[in-house]
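Report on the following structure.
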Amino acid sequence: MISDSRVPSGAAAAPDDADAAVFDGLDVAAHLGDPTRKQAFVTPMFDIVAPRYDDFTRRFSFGMDARWKRDLAARAVCAMPADGGGNMLDVACGTGDLAFAFARARPHARVLGIDASTRMIARAIERSGVDGTGPRFAVGDLTVLGLPDASFDVVTAGYALRNVPVWRDGIRELSRVLRPGGRLLALDFYLPPSRLWRALFLTYLQVAGNVVGWRWHGRAIVYGYIAHSIRAFTTADDFSAALLESGFVEVRVRTYLAGGIAIHEAIRG
Ligand SMILES: C[S@@+](CC[C@H](N)C(=O)[O-])C[C@H]1O[C@@H](n2cnc3c(N)ncnc32)[C@H](O)[C@@H]1O
């Protein structure tokens, strides 16, 4: 449910790394393995990492994240109505990379970014122009958007569905708000099909994530989480199958890093 397009007072304040103490003594495995508890771990974690999130993604992906997002945003732009208008929704928008890239390319489209983390939304609003143009941002849950059926031409989801308690519920909700013929573009990490590469990929993400989480925030888990979340997620092929089961047709997928990353493009039937 989208709660407010403004930021609650105090949400933009720089978080103290002492915030990370919320994870002390927390049974992380139990939270991540239990859909009824996962969000209670994920949202505070993204609140903590929000101030350094952009720097982290750039460095941790060796610049590849920007390329994947450019690729996704270009596809999203092509999927919009020819008259230059239209409605675009970026779910789990974080600090707004995809929403801003899209809005720059389509200045006359209405662009809404939603995210569960108030601090991510606060960063996105800080990046917005002061003239009231550009994307709007709101705190909200992508699995219960509270937006009308069939109201968007394009929905983008950057590293979004892996982070929600039940990702198939997320797909269904995104399908609901897309108009028939509208397009979903989702970028995320997946379990690589090769077992050897999967083991290497997850080990790298686990070790590097733990080190950065510890050095930057004093808690390994805030970035070590990435590997945990991929283990609990799925493969790019399985994700394609789930899209087809949820009312999408013509699912196309482009993989990177031997299946560790994928962009799915799916048309709402
Ligand atoms: C890895 S970040 C991705 C941010 C941005 N899309 C990007 O690509 O840079 C994942 C985001 O998902 C958000 N998130 C997690 N659960 C969510 C939910 N149920 N609804 C909306 N956003 C959620 C987090 O707050 C976080 O900002």
Of the conditions (1) in contact with a Ser or Thr (Cβ under 6 Å, 6 or more places away or on another chain); (2) buried (at least 20 other Cβ atoms within 10 Å of the Cβ); (3) not acidic (Asp, Glu), the single one that Ile230 does not satisfy is (1)
Among the residues of the range 129-159, count how many are under 14 Å from Cys93 (Cα atoms) and within 13 Å of the ligand (Cβ to nearest atom).
14
Determine which member of the set Asp149, Asp153 is on the phi < 0 side of the Ramachandran plot, acidic (Asp, Glu) and in contact with a strand residue (DSSP E or B) (Cβ under 7 Å, 6 or more places away or on another chain).
Asp153
Pull out all pairs, ordered by first then second residue, where Cβ-Cβ is under 6 Å, the residues are six or more apart or on different chains, the first lies in the range 251-269 and is farther than 13 Å from Val154 by Cα and without any contact (Cβ under 8 Å) to a residue 60 or more places away in the chain, and the second is in a strand (DSSP E or B) and of a type outside the set (A, V, I, L, M).
Arg252/Glu265; Val253/His264
Taking Leu178 as the residue in question, decide whether it is under 18 Å from Gly247 (Cβ atoms) and touching a His at 6+ places or on another chain (Cβ under 9 Å).
no
Can you tell me which residue among Val211, Val154 is more than 14 Å from the chain's Cα centre (by Cα), surrounded by fewer than 19 Cβ atoms within 10 Å (Cβ to Cβ) and not in a loop (DSSP other than H, G, I, E, B)?
Val211
Within the range 192-204, residues hydrophobic (A, V, I, L, M, F, W, C) and surrounded by fewer than 21 Cβ atoms within 10 Å (Cβ to Cβ) come out as Leu196, Trp197, Ala199, Leu200, Leu202
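Based on what the data block shows, is Arg162 outside any loop (DSSP other than H, G, I, E, B), more than 15 Å from the ligand (Cβ to nearest atom) and on the phi < 0 side of the Ramachandran plot?
no
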Filtered residues of the range 243-258 (kept if part of a helix (DSSP H, G or I) and either basic (Lys, Arg) or surrounded by 20 or more Cβ atoms within 10 Å (Cβ to Cβ) (or both))
Leu243
If a residue must be assigned to a strand (DSSP E or B), surrounded by fewer than 21 Cβ atoms within 10 Å (Cβ to Cβ) and at negative phi, how many such residues does the range 168-185 contain?
2
The helices (runs of 4 or more DSSP H) lying entirely within the range 41-128 that contain at least 1 residues which are near the ligand (Cβ under 9 Å from one of its atoms) and more than 19 Å from Ala186 (Cβ to Cβ) are 53-60, 118-127
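Each value in this text was obtained by applying a stated rule to the coordinates, not by laboratory testing. Since this is a predicted model, take the numbers as computed values, not measurements. Cβ coordinates were reconstructed from backbone atoms using ideal geometry, including for glycine residues, and neighbour counts include every protein chain displayed.
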